[in-house]
Each structure stands twice: as C-alpha cells, then as structure tokens.
Amino acid sequence: VHTQGELHQQVSLLNFYRNPAYLPNQFYIMASLAAPLFYMTGHHGVVVNASGEAGASKSTSLYTAASLWGQPELYPINGTNNGATVRGRNERVTTLANLPICVDEITHMPVKDAIDLVMSVTQPGHRIRLNTEGIERNGSGSYKATIMLATANNSLHGVLSTDNAAGTAGSMRVVEIIFKAHHVHKKHEAALRPRR
C-alpha cells in the first residue's frame, strides 16, 4: 500500500460535490473513508447500496470513492453477471479486509447471489480451503470488518425480500440510499474533471 497523487488535488476534485443536492453522494463517498474504522463498531461488515434512477451519479460517486483507495476504474468489482465470479468477489473482500469494497451495478444479480454477497461481507474471516490431503490450509487475508459500497438501479432491500428468511437477515445488513438526478452539473462538466 502506498500513496499516490496530491492531497490538495483530491480535495479540489471533491469540491465538485459541494452542493446540498449532493448530500447522498457525500455520505456515500465518506462511507469509503470510514471503512478502515468500521471494526470499532464491533460488527464485521455492512452494505451501503446506492439505488435510484439512471443518471443520478451512483456509479460516478462509487468511482469517486474508489479513487481515494486505488485506480478509480479498476478498484471496484464489476457486479454484473459476467463481471466477477462469487469466489472472485469473496477473494477481493478477503484481500481488502478493512478497506472499502466497491461493487458497481448489481441490478441484475440473481437473488441468491445478492443474498450471498450481503451475508458474506458481514463474516469476519476468509474462505476455508483444504489442501490435497484434506487438511485446512492457511487462508489469505486476515480478520475483516469493512463497508461495501454497491450500486443498483433497484432497491437491494426489494431484491432481498424475495426470499423472506434470508432476506430479512440480509436486509439488517444493508443501508439503502436513494439517489435522484438533481442536474446540478451537466454531464460534460463531470467528464471535464481532471483524472488522477
């Protein structure tokens, strides 16, 4: 882990969201900064899902949050059906441990996978594997406690409620933020922002 870029430039870029209409975006981005401190709550994980209409800056806010931790376009997990396998997602969560997990576009994720995603982020340890002799291997990563940021066009609570038993348990682990398009900026104004 190492630093890259200039703090004053990052702060200057974040001024883009300096408008009361962007309060949901601000909360969402700040949640990524809170992830390393999440272990202090005594919980192992929570999902903050940005849902709402298309064009409301959900993914842009996710990539902004990701830019604080790595390469904005590559740090987030692709949440589409062909974006990452379940094991791939779980391995990323284990590797990042206490850093924020960013998952973009879980709108069409099957219900079972969505439940597994939510439930797995709240588990403290890594996936248990056996070696060829059937003996448990040391897992990569360590104790984890973090915040997962996700984006979807629909409510994650709605998806989870499809399966009542698991859905209720899953919903207890999700904070939903509804994003609305406020048209504070035009799309080209966001695209003109310098990249890190």
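Some notes on this structure:
- Close pairs (6 angstrom Cβ cut-off, 6 or more residues apart or separate chains): β-branched (V, I, T) in segment 140-162, open to solvent by less than 10 Å² (accessible area, probe 1.4 Å) and modelled with pLDDT under 90 anywhere: V159/A114
- Cβ-Cβ distances below 8 Å connect the following pairs, each with a first residue in segment 49-67 that is open to solvent by 10 Å² or more (accessible area, probe 1.4 Å), a second residue that is acidic (D, E) and part of a loop (DSSP other than H, G, I, E, B), and a separation of six or more residues or different chains: S59/E105; Y63/E73.
- I135 meets the conditions (1) open to solvent by 30 Å² or more (accessible area, probe 1.4 Å); (2) at pLDDT 85 or above in every case but one. The failed one is (2).
- Segment 1-22 residues that are farther than 19 Å from Q71 by Cα, paired with ones that are part of a helix (DSSP H, G or I) (beta carbon under 6 Å, 6 or more apart): Y17/N25; Y17/Q26
- In segment 77-93, residue surrounded by the fewest Cβ atoms within 10 Å (Cβ to Cβ) [restricted to those that are under 28 Å from L14 (Cβ atoms) and touching a residue at least 40 places away in the same chain (Cβ under 8 Å)]: G79
- From the list M119, M109, the lone residue that is within 25 Å of Y39 (Cβ to Cβ) and either at pLDDT 85 or above or of a type outside the set (F, W, Y) (or both) is M119.
The values are calculated or read from the model by the stated rules, or taken from the named source; none is laboratory data. Keep in mind the model is a prediction, meaning the values are calculated, not measured. Neighbour counts are summed over all protein chains in view; Cβ atoms, including those assigned to glycine, are modelled from backbone coordinates with ideal geometry. Only protein heavy atoms, including side chains, enter the accessible area calculation; ligands, DNA and RNA are left aside. Shrake-Rupley method; radii C 1.70, N 1.55, O 1.52, S 1.80 Å.
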